[in-house]
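The values are calculated or read from the model by the stated rules, or taken from the named source; none is laboratory data. Keep in mind it's a predicted model, so treat the numbers as computed, not measured. Virtual Cβ from ideal backbone geometry, glycine too; neighbours counted across all protein chains shown. SASA here: full protein model, heavy atoms, side chains in, ligands and nucleic acids out. Shrake-Rupley method; radii C 1.70, N 1.55, O 1.52, S 1.80 Å.
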Amino acid sequence: MISSKSGVDAPTESKVLVIYTGGTIGMVPTPDGLKPKPGALVEYLRKQPMFHDEDYAKEHHLDDLKNTLVLPETKSKKRIIYTILEYDPLLDSSNMIPDNWVKMGKDIEDNYLDYDGFVILHGTDTMAYTSSALSFMCEHLGKPVILTGSQVPIYQLRNDGRENLLGALIISGEFVIPEVCLYFNNKLYRGNRVTKVDSESFDGFSSPNLDPLATAEAEIKINCDIIWKDPNPGKFQVSTKLNSDVGVLRLFPGITADSVEAFLKTMKGVVLETYGSGNAPNDQPKLLTALKNATDSGTIIINCTQCLRGTVSASYATGQDLMKAGVIPGGDMTPEASLTKLCYVLAKTEDSSERKKMMKDNLRGEITLLKRNELCLTNSHFIQIIGKSLSISCKEDLEAISNALTPPLACSAAKIGDIGALETLKDMGSNLCLGDYDGRTPLHVAACEGHLEVVQYLLSHGASVHAKDRYGDNPLSNAVRFRRKEVVKLLRKTGAHLSGDHHEEAGTELCSLAASGDLDGLEIWVLAGADPNTPGYDGRTAIQVVEAIGKTDMVKFLAQLMSKKSGTGE
Ligand code: ASN
């Protein structure tokens, strides 16, 4: 429940610090265009009855305090006393750089104990970057920090600055919303979920993947369910170290591998803006190699969609290939949140796997990790959570539950090609070689799916190539059935051979593949160790079948396969 700071016992005054950094809200026309005017805003607000109650200020000696004003009584009979801290110089937010975020963060930290809430007056152009950056920098925030500004200067007759500033002051003075937020056009948004979508409309911001935290209509309605709850509460502090070796790379049709490579070379962290649900061209091996080389050398690349709404998913092969190149799926994070999260995370730790983990984690409500209806065995997060929770206790029955659940969890992780989830299960003490209720091991599943890296991982962690499921199939016969050539080769190298039944059936199978002219099928069976000289059920070999039907090209092909096979010493 979000407490309003009003109530029977609640103090009738609250204090808000307004950090005024610049932006259109305080700009005046000049021959060179709109520019902020130092000192003008506080003097303007002092003269507006809706922003300053002179009588109350005199009566309570607020006049003596520099740049301190007081709002008229709010509906809940509260006085919001606010002090304006004006920056010098005041900036058009297009001129903001990470050092400016650091200054704001420090000012919040220095004044944290003295105020109930903070309002940051800021230009709209880069406000979403600042609100995102501050959301990460402010660790264990317990008070509201609300950014706002306007599309039209507050000094003009018709403007949006008045409503925006008033709303931000009232919400920050009346409610304990422990988040960095952005208030615009009667809506309070989570700061790391917003993006500027309109340069003219008063409704200039959108939070495409998260509802507003509050709406200010006749009443101010707080959406309590989605207000951020700090999972590890602690003492408030601002992390002022940021790494600015980051950049945004937006894909476009025709982008070349060379330009991608050149860009990646200069960066420690990159937001890759991809198409649709996180897709990139996968028919240019050089481009994927450039990405893979960069991630291998420690560059953190995060995949964000160019779409305004929606999430990066693994639905398409074009997206999955990015994951294989080490690119981290950014879910439904905005590019602004992803970029500033990179600045924060890269400065927080040097450890590459820790960096990747932080980028994937939900640090401040910036990413939707799991929707309830996605709770299923093929969800990496779900598998990891179950794996971790099962390892919490070592009581006997929990251990038994863990043993029973590990195989299907590990098989599910193998199915989605998720080495991270397998690693978590292994770290929790799970045996990755156990079979499920049908005796199918993670290696069977990875072989069926053709996940070569997972097969490699499992083999290097003790998985047996000889494990048989209830149908007598081993991982090699599974890989043959689904024609996973590379997996077949790898399994053969590690000692796999066709299991009894398959070995016996090989002759007949080869004959029928030969009869139907299926070269691929023949090749994969021979790669798996089948001998084209083995007779089928009618005593003829595959070679005799193709000779009989006069397919000379296939006779050649089979002869080649056989000579390759004898070359391998089999
Ligand atoms: N250029 C201005 C700024 O971002 C735009 C605005 O505030 N509406 O500072």
Applying the selection to segment 226-272, what residues are basic (Lys, Arg), under 19 Å from the mean Cα position of the chain (by Cα) and under 17 Å from SER338 (Cα atoms)? ARG250, LYS268
Checked segment 527-543 for anything farther than 26 Å from HIS444 by Cβ and either buried (at least 18 other Cβ atoms within 10 Å of the Cβ) or of a type outside the set (S, T, N, Q) (or both); matches are PRO532, PRO535, GLY536, TYR537, ASP538, GLY539, ARG540, THR541, ALA542, ILE543
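Yes or no, residue by residue, for (1) of a type outside the set (Val, Ile, Thr); (2) surrounded by 16 or more Cβ atoms within 10 Å (Cβ to Cβ); (3) part of a strand (DSSP E or B):
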{"site": "ASP225", "(1), (2), (3)": "yes, no, no"}
{"site": "TRP228", "(1), (2), (3)": "yes, yes, no"}
{"site": "VAL270", "(1), (2), (3)": "no, yes, yes"}
{"site": "PRO281", "(1), (2), (3)": "yes, yes, no"}
{"site": "LYS286", "(1), (2), (3)": "yes, no, no"}
{"site": "ILE302", "(1), (2), (3)": "no, yes, yes"}
{"site": "VAL312", "(1), (2), (3)": "no, yes, no"}
{"site": "MET323", "(1), (2), (3)": "yes, yes, no"}
Checking PHE184 against (1) assigned by TED's automatic domain parsing to the domain that holds GLY117; (2) open to solvent by 30 Å² or more (accessible area, probe 1.4 Å), which test does it fail? (2)
Mind listing whichever residues of segment 48-91 are small (Gly, Ala, Ser) and surrounded by fewer than 16 Cβ atoms within 10 Å (Cβ to Cβ)? SER76
Of all residues in segment 248-268 being among the β-branched types (Val, Ile, Thr) and either part of a strand (DSSP E or B) or surrounded by fewer than 18 Cβ atoms within 10 Å (Cβ to Cβ) (or both), which is modelled with the lowest pLDDT? THR266
Would a scan of segment 405-413 turn up a residue that is open to solvent by 50 Å² or more (accessible area, probe 1.4 Å), of a type in the set (Gly, Ala, Ser) and outside the structural domain of ALA314 (by TED's automatic domain parsing)? no
In segment 497-534, the residues that are modelled with pLDDT of 85 or more, touching a Ser or Thr at 6+ places or on another chain (Cβ under 9 Å) and not in a helix (DSSP H, G or I): LEU498, ASP518, ALA528
Does THR126 satisfy being assigned by TED's automatic domain parsing to the domain that holds VAL102, within 11 Å of the ligand (Cβ to nearest atom) and open to solvent by 10 Å² or more (accessible area, probe 1.4 Å)? yes
What are the residues in segment 424-460 that are more than 16 Å from VAL480 (Cα to Cα), assigned to a helix (DSSP H, G or I) and in contact (Cβ under 8 Å) with a residue 24 or more places away in the chain, if any? THR424, LEU425, LYS426, PRO442, GLU453, VAL454, GLN456, TYR457, LEU458, LEU459
For segment 144-198, name all the residues that are within 16 Å of ILE25 (Cα to Cα), more than 16 Å from the ligand (Cβ to nearest atom) and either free of Cβ contacts under 8 Å to residues at least 24 places away in the same chain or among the β-branched types (Val, Ile, Thr) (or both). LEU157
Picked from segment 11-36 (must be in contact (Cβ under 8 Å) with a residue 24 or more places away in the chain, assigned to a loop (DSSP other than H, G, I, E, B) and open to solvent by 10 Å² or more (accessible area, probe 1.4 Å)), the residue nearest to the ligand (Cβ to nearest atom) is LEU34
Determine if segment 511-526 includes at least one residue that is hydroxyl-bearing (Ser, Thr, Tyr) and either under 19 Å from VAL445 (Cα atoms) or within 50 Å of the chain's Cα centre (by Cα) (or both). yes
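Let's see how each residue does on (1) farther than 30 Å from MET554 by Cα; (2) under 35 Å from the mean Cα position of the chain (by Cα); (3) among the acidic types (Asp, Glu); (4) assigned by TED's automatic domain parsing to the domain that holds ASN533:
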{"position": "GLN456", "(1), (2), (3), (4)": "yes, yes, no, no"}
{"position": "LEU459", "(1), (2), (3), (4)": "yes, yes, no, no"}
{"position": "GLY462", "(1), (2), (3), (4)": "yes, yes, no, no"}
{"position": "VAL465", "(1), (2), (3), (4)": "yes, no, no, no"}
{"position": "GLY472", "(1), (2), (3), (4)": "yes, no, no, no"}
{"position": "PHE482", "(1), (2), (3), (4)": "no, yes, no, no"}
{"position": "VAL487", "(1), (2), (3), (4)": "no, yes, no, no"}
Criterion (in contact (Cβ under 8 Å) with a residue 60 or more places away in the chain, touching a Pro at 6+ places or on another chain (Cβ under 7 Å) and either away from the ligand (no atom under 16 Å from the Cβ) or assigned to a helix (DSSP H, G or I) (or both)) met by exactly one of LEU85, LEU90, LEU141: LEU141
